[in-house]
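What follows is a short report on a single structure.
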Protein chains: 2
Amino acid sequence: MGISSAVPRCSVWNRWTGLRWLTSFPRRTLAQQRVTSAPGTLQRRKLSGVPTSVVSRPWRMRPRGRRALHTASSSFQEVMLTSERYGVQRLPFALVSDSDVAFFERVMPGRVITNPEELKSFNVDWLKSVRGCSKLVLKPQTTAEVSQVLRYCYERNLAVNPQGGNTGLVGGSVPVFDEIILSTVLMNRIVSFDKVSGILVCQAGCILEKLNEYLEEQGFIMPLDLGAKGSCHIGGNVATNAGGLRLLRYGSLRGTVLGLEVVLADGSALDCLASLRKDNTGYDLKQLFIGSEGTLGVITAVSILCPQKPKAVNLAFLGCQSFAKVLETFTTCRAMLGEILSAYEFMDEKCMELVERHLKLSSPVTGSPFYVLIETSGSNLTHDEEKLNNFLEQTMTSGLVTDGTVATDDKKIKMLWSLRERITEALTHDGYVYKYDISLPVGKLYDLVTDMRARLGQSAKNVVGYGHLGDGNLHLNITAESYSHSLLDAIEPFVYEWTARYNGSISAEHGLGFKKKQFIKYSKPDEAVFLMQRFKALLDPKGILNPYKTLPSSS
Amino acid sequence: MGISSAVPRCSVWNRWTGLRWLTSFPRRTLAQQRVTSAPGTLQRRKLSGVPTSVVSRPWRMRPRGRRALHTASSSFQEVMLTSERYGVQRLPFALVSDSDVAFFERVMPGRVITNPEELKSFNVDWLKSVRGCSKLVLKPQTTAEVSQVLRYCYERNLAVNPQGGNTGLVGGSVPVFDEIILSTVLMNRIVSFDKVSGILVCQAGCILEKLNEYLEEQGFIMPLDLGAKGSCHIGGNVATNAGGLRLLRYGSLRGTVLGLEVVLADGSALDCLASLRKDNTGYDLKQLFIGSEGTLGVITAVSILCPQKPKAVNLAFLGCQSFAKVLETFTTCRAMLGEILSAYEFMDEKCMELVERHLKLSSPVTGSPFYVLIETSGSNLTHDEEKLNNFLEQTMTSGLVTDGTVATDDKKIKMLWSLRERITEALTHDGYVYKYDISLPVGKLYDLVTDMRARLGQSAKNVVGYGHLGDGNLHLNITAESYSHSLLDAIEPFVYEWTARYNGSISAEHGLGFKKKQFIKYSKPDEAVFLMQRFKALLDPKGILNPYKTLPSSS
C-alpha cells in the first residue's frame, strides 16, 4: 500500500528547510528558500479578506456619487450616507425621543451613548463603504437588558440594529438610517467551559480571538478562525454564519453551534442554550437565527463545541501547471492526508504577481500558473510529516505538482500564509477593486475567472481568482485604474447569472446584509425567498430588527 | 514530548493478538483471548439499539391493555391499534374515498396499494408497538408525483403519513388512524456524486447501506451509520435528524446535509438542494425540515457531504474501575488519539453480565465495573496503531485503565463491537424493559443510572447504563420480570425531571414521534414549543402532515 510504502522518509523539511522540488523529479534540489516580507507580515489572519477599498454600488442603479470609495483609514466624515448613496426610503419607524433616551438611561445607566463623536464609529462599517445616522447606541450587559430594550422598542416601533464587532463586509452591521444600535460589546462573559465535552458557553459579545486564547490555555481551540478574529464577536459570527479558515476541517457553525439564547423582536427571550451534542426534541429553532444577520432576533449567548488544539501544524506551498491539476492534487491530498488536512487554498499566478509587486513579498515558489497552500493539523508531528511527505512524493512523481516548499515552524508558517492572506491587500494597491465572494461546484471554480477574463479583455487591469478551494469558495477580484460604470455593467449581472447557471451561491460566507440582499434571487428560488419573508413576518411583524437587510422587501 | 517519545512501539496487537493487560502494569501478559459469540453475531449494527420488546405507554395515562408488548416477530394482528391503546381522538380529516383512490391511480398507475394484506406492514412500526389503520399506501417515484399527491390531499383535507424505511422507535413513521401513507420506497435514485467535493445528491428513498456501498466503491462513506442502515431511508434519517455511530467523528446532519428538496403540505416544492459547502444567502430553510419528522414537509431529495473512507480501523475494549476513570480516559483519549478517534462507547458491568448470560457472548475483558470501546479510523494503519499504543501505555501507567484488548482485523472488530451492540438484545431476554434515550452533560451521564438504581432498589431486576459517551448520550434501561404500573410510576416522571434538572434532553437521537411528544416540555421551554407550533401552523395550516406527532396539540 502506498500509505505504508518503504520509501525512506525525508525529514529534512522538519524545521523549515525550504525544501524545493524542481520539475525534473525525481532529482531534487534542496535550496534554502527565503520568504521576504514587508513589515507587518506577521499580522496574518488579521482582517484578511477585507479590502481597504471596495466596490459598493446600488442594486440595479448607479451610485449617486462617482468618487472612489474610501479606505479603512479614511475619516468617517468622508463616507457618504447609505441613504443618499443608495437612494433608500426610510420606513415609518418612530423617531428616538428624549423620553426614550431617558428610559434607556434608567435601564442601563452610563451605557447609553448619544455623543455625536462617540457615535461615529458605530455608524460606519469597517470598509468605510456604508454609513448610517443613528443617534443612539445602547450597551446592554445582560439578556434581561436586551429584553427590556427590545420590548420597549417593539411597543414604540423603534428600529434596532444589532451590532457585534462591526467587521461585516456587506453593510449588515451598521444602520441605514437612524436605527438604534444595540451593541454586544459589554456582553463578553464566558459562562462555562466543560473540558470533558469541549463545550463552551459564553455571551454574544465575546471576541473570537479572546475565546480562542482562553481555550488554548486549556488545550482547545474555537472551531472557526477568521481574519477579523481580533475584533469580531462570537454572536456576530453566529448571526452571519461565518465561514473562515477552519471550515474545511471542523465544519460549519450549523454543526458546531449547539445552543443559542436569542431575544426576539417583541423582547421575549428564547432559551435554546443547550449544551448537548444530541437533542432531538422538536424543531431546531436556533438554526433559523444562525445566518439571519440579526433580522429575526438578537443572539445574546452561544453554546459551541470546540475541538482539541492540534499539537502539530505543517504547511506546504506548491505550484501546479493547470487548474485541473489543482483539483487532482486536492483529491489526492484529501485521500492521503485524510484526517489531518485542515486547509486547501489556491491562488492563480496573477495573485502572486500582485503580492510581489505591491507588497514586495517574495514567494519561494515561482513559475507556475497556479499555487496551492495545504495545511495539516494533527496530534503527532512525526506522523503528520510522514503523511505529508508521502503525499508530496506521490504528487511530484505523478507530475501533479511541479514545485513546492514546506514549513513546520510557526514563523515560517505565518510567512507562507501571508502570501495567501495578503492577496486582498495587494489588490487594493492595484486600483479600484470589484470583489465577488462566490460558491461553486469545485470543478467549475476557476472557469468563472477564465470566462470573466475573456469577457473583459483589456477593459480590466487584472482578473484574479483565489480562495478556499476545499470549500468550493472562490474570491473573484477584478481591478481597474478607476471605477467605471461600463466595466461594472460588463461584470454584473454576468457574474451572478454565471454563478446561478451552475447552482452556485452569490454569497459564500459574507452574507447578504444591506449590499447584496437584492441579488438573493440568483441563489434562491422565489418560493424560498417568499417563505423567508413569511418567517420574518412571523418573528418580527413590525420589522424593527435590522431593517433594510438580508431580504428584499416583500413588495 | 509524549507524542513523539522514544518508547519502542508494540506492534503485537497489529492483527488481533488479543493483547491483554493485567492491573500490575508495566508487567503485561499476552494471552490469546477468544470472543465467543452466538450465531448471528456478525450482524453488527443491524438494527442495534432496537429492542424486540419495549415499553409503550400513554402520556400521563395507563395503557388500556396490560398485556406485554410483542416482539418484532409477532404478527401484525396482535398489535393493538394506537388509537385504542392511547385513547386518541381522530382529527376531522376527510375519509379516503373511491374517487380519491382513482385519482391516485391516474397519477401513479400500479403504485397505489389498497390490498389489506399488503397494507399491514406499512401500518405497524418495527417494534410492533403502535399500529394505524391506513387504507392506502402511495409509492411515488418523483418529486412531481409527491407534489401532485400533497396538492390533492391538501385540497381534500386528507391526512398524510410520510414513511421511509419505517425503522423509527417513537411511533413517528406509521399512521395513528387512517392517514394516507406516502412511502419513499421507490424514490431510490442516486442523482449525482462528485468525487472532488465528496457531495452526494440522491432521492429520499435511498437505503443508507446501499448509499454507503455505492460510496465505498469510490473511496467514500456516508457521514452517518445506524443500526437500521439496511432498511432506513436517507430521507427518513434526515427527517428524524438521525445520530448514530459516526456522529462523534463526522458531526451531525445539521452540518453534513448541504441541501434538501422538500414538498410542503400544499404541494409546492421547495428547492433548497444546493451542493455547496458554503451558502450565506438568506435563512437556512432546510434546517427546519431536518428533525421535523415529516410534520413540516416531505423530504424528496438530499444533498450530503461525504467523508473519505478510512484506510485503517482499530478497536480497543478496556476496563475501568470507576465512571470517573471512564471520563478521564475519554479526555486522555481525545487528546492523544485526536483526529483518528471515531467512537467512544461505554457500558457498565451489568450490561456485560446480561450479554454473557443471555447471549453466551464471552468478553475478553472482565472484572471491571465499567468498560469502554474505543474505535479509531484513519488514513495510515501504522500511525494509528502507534497513537493507540501510546494512549494505552499512558492510561495503563496512570491506572485509568486496568485491563483491555485490541483488534484491527475486521472479524475481530465486529466481534468486539457485538459486545456493545447486542446489549439491547440481551436486555430483551432479561424481562420487560423500560427504555430511555437521554442526552446529558457528559460528567452527569452515569449519575442518573446510580440514582435510578438507588431509587428502585429491589423493585427492578436490573438497572443498566450504556451508550455513546463521546456524544453525551446515555441509554438507560430498567428490566423487571413483567410490566408493572407501580414500577413505571417510580421511574416516570422522575427520569424526565432528573434529566431536565441537568438541562439534558429526553430524546437524544430517537426524536419525539408519537410516543414522546407530550414530554417535550422537559427539554424545551414553553416559548420554544409555542414557536414550533407557530411554524407548524405557518407551513401546514390544515395540519395534514404526519398529524398527532412531534408537537403536543396547540390547545
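The values are calculated or read from the model by the stated rules, or taken from the named source; none is laboratory data. It should be emphasised that the depicted structure is a prediction, and the values quoted were computed from it without experimental measurement. Counting neighbours? That spans all protein chains shown, and the Cβs are built from the backbone with ideal geometry, glycine included. Ligands, DNA and RNA are excluded from the accessible area calculation, which covers all protein heavy atoms including side chains. Shrake-Rupley method; radii C 1.70, N 1.55, O 1.52, S 1.80 Å.
Before we move on, is residue B:444 open to solvent by 10 Å² or more (accessible area, probe 1.4 Å), touching a Ser or Thr at 6+ places or on another chain (Cβ under 8 Å) and under 29 Å from residue B:228 (Cα atoms)? No, not satisfied. Scanning the range A:505-555 for residues that are under 30 Å from residue A:470 (Cα atoms) and among the hydroxyl-bearing types (Ser, Thr, Tyr), which turns out surrounded by the most Cβ atoms within 10 Å (Cβ to Cβ)? Only one residue fits best here, namely A:550. Among the residues of the range B:373-398, those that are open to solvent by less than 20 Å² (accessible area, probe 1.4 Å) and more than 14 Å from chain A (Cβ to nearest Cβ) comprise B:373, B:374, B:392, B:395, B:396.
Scanning the range A:270-289 for residues that are facing another protein chain (nearest Cβ under 7 Å) and under 20 Å from the mean Cα position of the chain (by Cα) gives A:287, A:288. Is it the case that some residue within the range B:450-471 is of a type in the set (S, T, N, Q), in contact with an Asp or Glu (Cβ under 7 Å, 6 or more places away or on another chain), buried (at least 21 other Cβ atoms within 10 Å of the Cβ) and at pLDDT 95 or above? Checked the range B:450-471: no residue is of a type in the set (S, T, N, Q), in contact with an Asp or Glu (Cβ under 7 Å, 6 or more places away or on another chain), buried (at least 21 other Cβ atoms within 10 Å of the Cβ) and at pLDDT 95 or above.
Among residues of the range A:109-127 that are among the hydrophobic types (A, V, I, L, M, F, W, C), those with a Cβ under 8 angstrom from a residue that is surrounded by 10 or more Cβ atoms within 10 Å (Cβ to Cβ) and part of a helix (DSSP H, G or I), sequence gap 6+ or separate chain, pair up as A:112/A:101; A:112/A:104; A:112/A:105; A:113/A:119; A:113/A:122; A:124/A:76. Output the residues belonging to the range B:506-544 that are over 14 Å from residue A:284 (Cα atoms) and part of a helix (DSSP H, G or I). Result: B:517, B:518, B:519, B:521, B:522, B:526, B:537, B:538, B:539. Once the range A:387-416 is narrowed to residues that are more than 27 Å from residue B:382 (Cβ to Cβ) and touching a Leu at 6+ places or on another chain (Cβ under 6 Å), the residue that is modelled with the lowest pLDDT is A:414. Output the residues belonging to the range A:252-269 that are more than 10 Å from every other protein chain (Cβ to nearest Cβ), open to solvent by 10 Å² or more (accessible area, probe 1.4 Å) and in contact with a strand residue (DSSP E or B) (Cβ under 6 Å, 6 or more places away or on another chain). If the condition is that a residue be more than 10 Å from every other protein chain (Cβ to nearest Cβ), open to solvent by 10 Å² or more (accessible area, probe 1.4 Å) and in contact with a strand residue (DSSP E or B) (Cβ under 6 Å, 6 or more places away or on another chain), then A:261 is the only one that fits. Here B:547, B:552 are screened, and the one residue that is in a loop (DSSP other than H, G, I, E, B) and either small (Gly, Ala, Ser) or within 11 Å of chain A (Cβ to nearest Cβ) (or both) is B:552. Within the range B:195-241, being within 14 Å of another protein chain (Cβ to nearest Cβ), open to solvent by less than 10 Å² (accessible area, probe 1.4 Å) and under 22 Å from residue B:514 (Cβ atoms) holds for B:237, B:238.
Scoring residue A:538 on the criteria (1) within 9 Å of another protein chain (Cβ to nearest Cβ); (2) among the hydrophobic types (A, V, I, L, M, F, W, C); (3) under 23 Å from the mean Cα position of the chain (by Cα) leaves a single failure, condition (3). Considering B:386, B:375, the condition of being within 26 Å of the chain's Cα centre (by Cα), touching a residue at least 24 places away in the same chain (Cβ under 8 Å) and not in a loop (DSSP other than H, G, I, E, B) is satisfied by B:375 alone. Candidates B:246, B:277: the one that is in contact with a Leu (Cβ under 9 Å, 6 or more places away or on another chain), open to solvent by 10 Å² or more (accessible area, probe 1.4 Å) and either under 18 Å from residue B:206 (Cβ atoms) or of a type in the set (A, V, I, L, M) (or both) is B:246. Consider residue B:401 carefully, then state whether it is open to solvent by less than 10 Å² (accessible area, probe 1.4 Å) and either free of Cβ contacts under 8 Å to residues at least 40 places away in the same chain or farther than 28 Å from residue B:520 by Cα (or both). Against the criterion (open to solvent by less than 10 Å² (accessible area, probe 1.4 Å) and either free of Cβ contacts under 8 Å to residues at least 40 places away in the same chain or farther than 28 Å from residue B:520 by Cα (or both)), residue B:401 qualifies. Does residue A:363 satisfy being in contact (Cβ under 8 Å) with a residue 40 or more places away in the chain and part of a loop (DSSP other than H, G, I, E, B)? Criteria met by residue A:363.
Restricted to the range A:289-307, and to residues there that are touching a Phe, Trp or Tyr at 6+ places or on another chain (Cβ under 6 Å) and over 26 Å from residue A:171 (Cα atoms), the residue that is least open to solvent (accessible area, probe 1.4 Å) is A:306. Within the range A:281-317, the set of residues being among the aliphatic types (A, V, I, L, M) and assigned to a strand (DSSP E or B) comprises A:298, A:299, A:301, A:302, A:304, A:305, A:312, A:313, A:315, A:316. Just so you know, in the range A:308-357 the residues that are among the charged types (D, E, K, R) and open to solvent by less than 10 Å² (accessible area, probe 1.4 Å) include one that is nearest to the other protein chains (Cβ to nearest Cβ), and it is A:345. Restricting attention to the range B:121-155, the residues that are more than 21 Å from residue B:264 (Cα to Cα), in contact with a strand residue (DSSP E or B) (Cβ under 9 Å, 6 or more places away or on another chain) and in a helix (DSSP H, G or I) total 2.
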